[in-house]
1. With springs connecting C-alpha atoms under 10 Å apart, model the chain as a Gaussian network and identify which of 295, 134, 12 has the largest mean-square fluctuation.
2. So what's region 154-303 giving for Cα Rg divided by 2.2 N^0.38 Å, two decimals?
3. Under a 10 Å cutoff between Cα atoms, tell me which one of 235, 327, 50 has the largest fluctuation in the Gaussian network model of the chain.
4. Please list 3J(HN,Hα) in residue order for region 175-190, calculated via the Karplus relation 6.51 cos²θ - 1.76 cosθ + 1.60 where θ = phi - 60°; whole Hz, with x for glycine and proline.
5. Percent of Cα-Cα pairs more than 30 Å apart in the chain, please.
6. Considering every Cα-Cα pair within region 1-143, what fraction, in whole percent, is farther apart than 21 Å?
7. Could you derive backbone 3J(HN,Hα) for region 192-197 from the dihedral phi with the Karplus parameters 6.51, -1.76 and 1.60 (θ = phi - 60°), listing whole Hz in sequence and x where the residue is Gly or Pro?
8. What does DSSP give for region 231-333 in terms of the percent of beta bridges that are antiparallel, rounded to the nearest 5?
Amino acid sequence: MSLAATLSRWAHQVWQTRNPLSVFLYPLSLVTRYIVQRKRARFTTSSNLVYRSPCPVIVVGNIVVGGTGKTPVVVAVTRHLQSKGWTPGLISRGYGVHISDHVPRLARGHADAQQIGDEPALLTQATGAPICVHPQRALAAQALLEQYPDVNVIIADDGMQHLALARDIEIAVQDHRGVGNGWLLPAGPLRDQASALSKVDWLITHINPNDQQPDTPHPQQADRNLRMYLRPYQVHSLHGEQQFDWGQWQTFCQGKSISAVAAIGQPQRFFTMLRQAGLTLTQTRALADHAAIDHSSFVGLHSDYILITRKDAVKYKAGRDPRIYVVEAQAMFSHPNWLDDLAHSTQQHHNALTQRAP
C-alpha cells in the first residue's frame with residue numbers, strides 16, 4: 001500500500017470514533033461548521049449568486065471526504081436516462097488537473113484523462129455523454145449547454161457543496177463508514193452536517209450485500225433509502241484484444257495466479273468484490289485515489305494476470321503489458337425501480353422549468 005493510501009486509510013479509521021485526537025481537533029470543526037452555515041445562508045438569501053440551468057440538474061455527491069462510490073451511480077443514472085430518451089450532459093471538477101479560471105474543458109467519448117481527469121474520462125467513455133470539467137460547477141454547466149445545446153438534463157459528478165449551481169435532484173452516496181464520528185473536518189470526515197442526508201432526494205449506501213447499513217440520517221421515504229453493491233460482469237485485456245464475461249474469465253484464468261491493483265478512494269472494496277466473486281488474489285496493491293498508473297505501479301507483481309479498475313485503465317499510457325486486464329463492474333441496487341422513479345421526477349422538473357420559462 002502506498003504512503004498516501006496508508007495515511008488516507010488511517011485518517012478514516014481515526015474519524016470513525018471520538019478519540020483523543022478528534023476531541024483535540026473539535027474546536028477547529030466548529031470553525032468549519034460556521035463557514036459551512038455562512039456559505040449556505042449566503043447562497044440561500046442571494047439568488048443572484050446562483051446559476052439556474054434551463055434544464056433539470058441532478059447532483060450525485062457525498063458529505064464525507066474520500067470516495068464512496070459516486071462514479072458507478074453517475075454511470076447508472078446517465079445510462080438509464082439515455083434509455084428513456086433523454087440527452088444527458090455531465091459536469092465534474094476534474095480532480096488533479098489544472099484548469100484555467102475561465103476556460104472549462106469539454107470532451108466526449110474517448111477523452112484523455114491527463115486533460116480532464118480520470119473520473120471524467122471514465123464517465124464520458126462509459127456513457128458517451130458529453131462532459132465539461134471545471135472547479136466552478138455553474139461555469140461548467142453553462143459551457144456544457146453552449147457547446148451541446150441538445151443536452152436536456154445535467155448530471156453533476158460530486159458538487160453537493162457547490163451551492164452556486166441550483167439543483168433539482170440530490171443523490172447522496174455513502175459507504176460503510178456512514179458519517180464517521182459525526183463531526184466536521186478536521187475532527188471528523190464531514191464536509192457538511194450529517195443532517196444534510198435527511199434532505200436529499202435519494203440516499204444510496206454502497207456496502208457489501210451482507211454488511212450492516214450504517215446508522216445515519218436518511219430520507220423519510222423508505223424507498224428513497226437504497227443499498228448498492230458492485231458486481232463484476234466483464235473482463236477485457238487492457239487494449240481490448242480479448243473480452244470475457246465473468247464466468248468465461250473464471251474459466252480462462254483457472255490455475256493461474258492473479259493480482260489486483262487499485263488507485264481509487266477505497267481500494268479494499270475492489271479487492272473484496274473480486275474475492276466475493278470467486279477469485280483468489282495472490283497479491284493486492286492499494287494506491288492513493290487518482291494516483292498515476294504506469295510501469296512502476298506493477299513492479300514486484302509476478303502474477304500471470306493483474307486486474308485493475310476501469311478508472312485506472314483510462315490513466316495507463318505506459319505501453320502494452322499483456323498481463324493487465326480491466327474489470328467492468330455493474331451497480332446493483334436494493335430497489336431496482338428507483339431509476340424509473342428518478343426519470344419520472346426528472347420529467348416533472350423539466351415540465352416545471354418549461355412552464356416557468358418566458
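Please treat every number below as a calculation from the coordinates, not as lab data. These numbers come from a predicted model, not from an experiment. Positions of Cβ are backbone-derived with ideal geometry, glycine not excepted, and every protein chain shown enters the neighbour counts.
1. 295
2. Normalised Rg, Cα atoms only: 1.27.
3. Among 235, 327, 50, the largest GNM mean-square fluctuation belongs to 50.
4. Working through the residues one at a time gives 10, 4, 6, x, 9, x, 7, x, 9, 7, 4, x, 6, x, x, 7 Hz.
5. Summing the P(r) of the chain above 30 Å gives 39 percent of all pairs.
6. 58 percent
7. Per-residue couplings from phi come out as 8, 5, 4, 4, 4, 5 Hz.
8. In region 231-333, approximately 45 percent of DSSP beta bridges are antiparallel ones.
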